[in-house]
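J.: I'd like to ask some things about the structure below.
The values are calculated or read from the model by the stated rules, or taken from the named source; none is laboratory data. This structure is a prediction, so every number in the text was calculated from the model and none was measured. Neighbour counts are summed over all protein chains in view; Cβ atoms, including those assigned to glycine, are modelled from backbone coordinates with ideal geometry. Calculation scope for accessible area: heavy atoms of the full protein, side chains included, ligands and nucleic acids excluded. Shrake-Rupley method; radii C 1.70, N 1.55, O 1.52, S 1.80 Å.
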Amino acid sequence: MIKAITGTKDILPDEIYKWRYLEEIVITTLTKFNYKEIRTPIFEETKLFARGIGETTDIVSKEMYTFLDRSGTSITLKPEMTASVVRALIEHSLFKKQSLNKFFYISPMFRQERPQAGRLRQFHQFGAEAIGSNNPLLDAEMIIIAYNILKKLGLKNLSVKINSIGVPQSRENYKKILREYLNDYYNDLSHDSKKRFDTNILRIFDSKEEQDQKIMANAPLLVEYLDDVSLEHFEKVKRALLNAHVPFEIDAKLVRGLDYYTHTTFEIISSSVGAQSALCGGGRYNGLSKELEGPDLPGVGFAAGIERILLACENENTINTEEEKIDLYIVTIEKNLSEFAFNLAVKLRESNLSVELDYLERSLKAQMREANKFNSRYTLIVGGEEFRNGYLVLKNMSNGEQTNISVEDINKLISILMEK
Ligand code: AMP
């Protein structure tokens with residue numbers, strides 16, 4: 001039997017209501033903050049991500065779905081969205097029409113990670129990017145938006161972690177200090193962290209290895225070495241969050257190693273989802289547009305994992321199952337009337353009613369069962385004595401009331417069905 005690929009998931013009809021519910025909250029919240037939706041292709045040239053995410057990151061070095069297409073171009077399924085959004089902004093010169101562009105997206109992403117609960121190979125993210133301003137209020141806005149969305153979904157067990165990694169110049173100074181500290185422990189670092197020591201030393205903070213974490217627990221922290229400009233930026237972010245009543249804690253170990261990341265980094269985690277507890281993450285990336293050969297535009301953004309958020313919602317029981325209803329089920333009790341019933345259904349659907357009928361020539365009883373299964377508000381019986389006398393029998397399923405409706409008077413049927 002052919003099965004879905006490991007790490008991918010079908011979203012079946014009985015789960016869709018949760019996705020739509022979440023998406024609706026995402027769209028309405030972001031629209032209130034005046035973010036505009038953007039959709040970019042599922043795949044891009046590999047070099048966009050190599051440059052836009054960074055060769056030394058786990059995503060680029062081990063997780064991308066990369067292949068050569070038939071013309072020999074290296075293609076990658078998008079593992080995240082920021083690089084694509086910045087590419088689109090540059091490609092369409094959107095920064096010329098508007099100095100600050102605010103985008104949001106909802107999209108599948110692809111990373112070849114080890115699948116486990118809350119970690120997939122095709123997963124979905126929503127997120128936002130604001131490109132064109134270095135204003136710390138926008139850093140705060142990102143955190144406020146993400147937090148608002150999670151709150152609107154009913155989630156409670158959240159913690160917001162923030163940090164500042166300052167600007168690259170002050171970071172260089174700090175990296176020297178960190179290198180000096182780690183020199184003494186180099187031999188005890190994990191294999192991966194030894195590599196990071198040379199390529200991207202800040203990322204040793206991200207290591208999940210116990211031996212690394214022990215060493216990093218006493219490492220000097222970047223926040224203690226921030227310059228005045230970076231400190232002021234960070235203060236403004238914190239003030240805006242306090243005023244917006246977003247509770248947060250400072251996590252000095254929340255770093256991103258690459259030079260085009262600046263100032264704020266943040267993460268929102270949930271204690272309701274197990275090991276993969278990060279629901280969303282984001283930060284400022286003032287050097288990215290230039291890195292992608294665009295104008296030197298500052299930017300800030302976040303991305304949130306939909307599967308993980310829905311898992312948290314499930315575990316906290318925050319989304320009610322939606323009872324879907326249809327307006328009418330047409331019960332056809334004579335085979336030769338099935339086309340009549342079909343044509344009637346087509347007509348009623350044109351009047352914006354949701355209508356189902358029997359396609360399997362089932363018995364009257366089985367059709368009534370179907371009507372119940374679909375939570376139909378009404379059933380309409382086509383056939384029998386009444387039909388020969390020119391009538392259809394409409395039954396209100398909530399109170400059992402029956403009304404005869406003339407076959408000639410479909411408008412009457414429509415007006416009853418339209419009454420909600
Ligand atoms: P990132 O783009 O790595 O900063 O991730 C942002 C968010 O996307 C994370 O906080 C997760 O909620 C989600 N996410 C990242 N990778 C995966 C994955 N492999 N499976 C499911 N969700 C993911």
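J.: Label segment 275-345 by shape, choosing from rounded, prolate and oblate, from the square roots a ≥ b ≥ c of the eigenvalues of the Cα gyration tensor; if a/c is under 1.5 it is rounded, and otherwise prolate applies when a/b is larger than b/c, oblate when it is not. Show your work: numbers first, answer last.
T.: Details: a/c = 6.04, a/b = 2.30, b/c = 2.63.
It is oblate, given that a/c is not under 1.5 and a/b is not larger than b/c.
J.: Let me ask you something else. Where does the Debye-calculated log10 I(q)/I(0) of segment 149-276 sit at q = 0.11, 0.12 Å⁻¹, using only Cα point scatterers of equal weight, no solvent?
T.: -0.44, -0.52
J.: A further question on this structure: What shape does segment 4-157 have by the C-alpha gyration tensor, where a ≥ b ≥ c are the square roots of the eigenvalues, rounded means a/c under 1.5, and otherwise prolate means a/b greater than b/c and oblate the rest? List each step's numbers first, then the result.
T.: Numbers: a/c = 1.83, a/b = 1.10, b/c = 1.67.
It is oblate, given that a/c is not under 1.5 and a/b is not larger than b/c.
J.: A follow-up question, please. What trypsin sites (Lys or Arg not before Pro) in segment 180-225 are in a loop by DSSP, with at most 11 other Cβ atoms within 10 Å of the Cβ?
T.: Passing both the DSSP loop test and the Cβ count: K208.
J.: I need the phi-derived Karplus couplings for segment 286-294: 6.51 cos²θ - 1.76 cosθ + 1.60, θ = phi - 60°, integer Hz, Gly and Pro marked x.
T.: Values, residue by residue: 5, x, 6, 4, 5, 4, 8, 6, x Hz.
J.: Would you calculate, for the chain, the mean residue ellipticity at 222 nm contributed by helices, counting each DSSP H stretch of 4 or more residues as -39,500 (n - 2.57) and dividing by all residues, to the nearest 500?
T.: That comes out to -11000 deg cm²/dmol.
J.: If you average the sequence gap of Cα pairs under 8 Å that are 6 or more apart and divide by the length of segment 55-205, what percent do you get for the contact order?
T.: So the answer I get is 15 percent.
J.: Taking +1 at the Cβ of each Lys and Arg and -1 at the Cβ of each Asp and Glu, which of N134, V300, V346 sits farthest along the dipole of the chain towards its positive end, judged by Cα position relative to the Cα centre?
T.: N134
J.: Under a 1.4 Å probe, what is the accessible area of segment 290-420 per residue, stated in Å²?
T.: 57
J.: Okay, moving on. Can you run phi through the Karplus equation (6.51, -1.76, 1.60; θ = phi - 60°) for segment 262-273 and list ³J(HN,Hα) in whole Hz, with x for Gly and Pro?
T.: Here the 3J(HN,Hα) series is 9, 6, 6, 10, 8, 8, 10, 10, 10, 8, 9, 10 Hz.
J.: Sticking with this structure for a sec: Output the Cα-based Rg and Dmax of segment 326-420 in Å, rounding Rg to one decimal and Dmax to a whole number.
T.: Using the Cα atoms of segment 326-420, the pair Rg, Dmax is 11.9, 32 Å.
J.: Another question, if that's okay. Using a probe radius of 1.4 Å on heavy atoms only, what accessible surface per residue do you get for segment 143-245? Whole Å² is fine. Can you show the working numbers first?
T.: Values: 5330 Å² over 103 residues.
Computed with neighbouring chains in place, this is 52 Å² per residue.
J.: What residues have an amide H closer than 5 Å to that of M109, excluding those fewer than 5 places away on the same chain, when H is modeled at 1.01 Å from N in the peptide plane?
T.: When sequence neighbours closer than 5 places are left aside, the close amide H contacts are F123, H124, Q125.
J.: Go from 0 up to the bin containing the longest alpha carbon distance in segment 68-224, width 10 Å each, and give me the % of pairs per bin.
T.: Pairs per bin, as whole percents: 8, 23, 32, 30, 8, 0.
J.: Between segment 214-270 and segment 1-42, what is the C-alpha centre distance in whole Å?
T.: 30
J.: Still on this structure, please answer the following. Within the P(r) computed for segment 240-365, what percentage of the Cα pairs occupies the region above 26 Å?
T.: Tail of the P(r) past 26 Å holds 57 percent of the pairs.
J.: For segment 116-131, in order, what is each residue's ³J(HN,Hα) by Karplus, 6.51 cos²θ - 1.76 cosθ + 1.60 with θ = phi - 60°, in whole Hz (x at glycine and Pro)?
T.: Each residue of segment 116-131 in turn: 7, 4, x, 9, 10, 9, 10, 9, 10, 10, 10, x, 9, 9, 10, 10 Hz.
J.: Please report, as a whole percent, how much of the solvent-accessible surface of the chain comes from carbon and sulfur atoms (probe radius 1.4 Å).
T.: Accessible surface attributable to carbon and sulfur in the chain totals 48 percent.
J.: Using a Gaussian network for the chain with springs between C-alpha atoms less than 10 Å apart, which of these wobbles most: I59, I410, I38?
T.: I410
J.: Give the shape of segment 119-158 as rounded, prolate or oblate, defined through the alpha-carbon gyration tensor: a ≥ b ≥ c are the square roots of its eigenvalues, a/c under 1.5 means rounded, and otherwise the shape is prolate if a/b is larger than b/c and oblate if not.
T.: Since a/c reaches 1.5 but b/c is at least a/b, the shape of segment 119-158 is classed as oblate.
J.: To the nearest 20 Debye, how big is the dipole of segment 308-420 about its Cα centre, given +1 on the beta carbon of each Lys and Arg and -1 on that of each Asp and Glu?
T.: I would put it at about 100 debye.
J.: If you don't mind, there's one more thing I want to ask. What are the radius of gyration and Dmax of segment 376-420, computed over its Cα atoms and given in Å?
T.: 10.2, 30
J.: Treating only the Cβ atoms of Lys and Arg (+1) and Asp and Glu (-1) as charged, compute the dipole magnitude of segment 309-373 about its Cα centre; round to the nearest 20 debye.
T.: 340
J.: Could you work out which residue, out of A252, A341, A50, moves most in a Gaussian network model of the chain, that is, has the largest mean-square fluctuation with Cα springs under 10 Å?
T.: Most flexible of the set in this elastic network: A341.
J.: Given a 10 angstrom Cα cut-off, can you work out which residue in L12, L392, L158 is the most mobile in a GNM of the chain?
T.: Residue with maximal mean-square fluctuation among L12, L392, L158: L392.
J.: A further question on this structure: Treating each Cα of segment 190-229 as an identical point scatterer and ignoring solvent, apply the Debye formula and state log10 I(q)/I(0) at q = 0.14, 0.17, 0.18, 0.27 Å⁻¹.
T.: -0.34, -0.47, -0.52, -0.92
J.: Using only the alpha-carbon atoms, how far is helix 136-152 inclined from the longest principal axis of the chain? Give it as 0 to 90 degrees, nearest 10.
T.: 40
J.: While we're on this one: Hey, got the dipole for the chain? About the Cα centre, +1 on K and R Cβ, -1 on D and E Cβ, debye to the nearest 20?
T.: Working: 55 positive and 60 negative charges, 44 e Å.
Dipole of the chain, to the nearest 20 debye: 200 debye.
J.: To continue, here is another question. Report Rg (one decimal) and Dmax (nearest whole number) for the chain, counting Cα atoms only, units Å.
T.: Answer for the chain, Rg first and Dmax second: 28.2, 97 Å.
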